[in-house]
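Notes to accompany the following structure.
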Amino acid sequence: MKPVASRGGREPRPVSLAPTPEQRARTGVLYALAAFSTWGLLVPLHFKLLGEVPALQILSHRIVWGSLFALALIIAGRKSRALREVFVPSRRLALLSLSACLVGTNWLVYIWAVNAGHLVQTSLGYFINPLVNVGLGTIFLREHLRPAQVAACLLSAAGVLILAASSGEMPWVALTLAFSFGFYGLVRKLVPVEPLVGFCVESLLLTPLALGYLVLVLLQGSAVAFQGHGMLGPLLILTGVTTAAPLIWFAAAAQRLMLSTVGLLQYLAPSGQLALGVLVYREKFGAADALAFSAIWVALAIYTVSALRSQPRSSGPARGS
């Protein structure tokens, strides 16, 4: 507290240096924009630059460098004790092992899809993910489903079926991304651990497998990184930053904003992926795609309006889990 001199010889009144709710909200929006723009634009562009690297090698580097980056943040933030406590054999560690497998699957499919020319499908996956979360919450957490949310889920399912009928196959990339991340969120909801520590534990659990694979491809002579291929080495190291940084920014945003605000802003990420896929990389987007996406967008609008109306008026900023 810092005293401020007043007129007339009165006692100086203290001025609080703590941020106001408006300042916290503005900061939260900036963190959210940084996280979702990174996921929607920078991450797919980053992986496109790594197009000549096999997806499993990119994933392995992402895990290793992400672990090192997260460990550095843990040490800088003096959270080493919290990290060590999680590695005690327990139900919490078992659940984090499961969430590590789920997020690893999500990352691998996403990396492969981006470099195989399926950015439109990745955007579809993250558009329907909130509706998958609604269904999982109903089935596993006994959460009550409002009539509008039922309608939104059915409309979203109709959009997926339109894509399946038009292409002759289910959009498995989108469904894998949506359900793997949906189950990941469900598991993480059940684990009482802060985001950075949880991410670090998941990465460290996957690191032995990632390192083992990288050693294997190096011995086989099929490793791409650090073999004189220009900027590939530094770009692979950078995957650690582009993996951890948006997750940290997202957690910071969630601590400062209402859940409804975060929920609305999250659609920036798949919107960016869709724009990149259609406008920059010229991926196919025909009438059936437009119809299916329209159904899903209407479903999301119904879901969002229903969620906003059901929120208590006095709800405060969301807290990171």
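Every number here is computed from the coordinates shown, using simple stated rules; none is lab data. This is a predicted model, so every value here is computed, not measured. Quick reminder, even Gly has a Cβ in these numbers, built from the backbone with ideal geometry, and neighbours come from all protein chains shown.
For the listed peptides 87-99, 179-191, a ranking on the average number of other beta carbons within 10 Å per residue, highest first, reads 179-191, 87-99.
Sorting 242-250, 107-115, 276-284, 146-154 by their mean Cβ neighbour count within 10 Å, with the most densely packed peptide first, gives 107-115, 242-250, 146-154, 276-284. Within the same chain, aspartates and glutamates fewer than 8 places from LYS189 are excluded, and of the rest, those with a Cα less than 17 Å from its Cα are GLU143, GLU202. For the chain, a simple Cβ point-charge model (Lys and Arg +1, Asp and Glu -1, everything else neutral) yields a dipole of about 1380 debye relative to the Cα centre.
Spin-label model, VAL29/ALA82: points 7 Å from Cα along the beta carbon direction are separated by 2.8 nm.
For a quick check of your reading of the filter: which GluC sites (Glu not before Pro) in segment 81-186 sit in a DSSP loop and have no more than 16 other Cβ atoms within 10 Å? Counting only loop positions with at most 16 other Cβ atoms within 10 Å, the GluC sites (Glu not before Pro) in segment 81-186 are GLU143, GLU169. Calculated translational diffusion coefficient of the chain (37 °C, 0.692 mPa s; Stokes-Einstein with Kirkwood radius over alpha-carbon pairs) equals 153 µm²/s. Couplings 3J(HN,Hα) for segment 209-222, derived from phi with the Karplus relation 6.51 cos²θ - 1.76 cosθ + 1.60 (θ = phi - 60°), are 5, 5, 5, x, 5, 5, 5, 4, 5, 5, 5, 7, x, 9 Hz, where x marks Gly and Pro.
Summed over all non-identical Cα pairs, the Kirkwood treatment of segment 189-313 gives a radius of 18.9 Å. Database remark: amide H of MET258 closer than 5 angstrom to the amide H of ALA318 (H placed geometrically; neighbours at sequence offset of 5 or more, or on other chains; Pro and chain starts carry no H).
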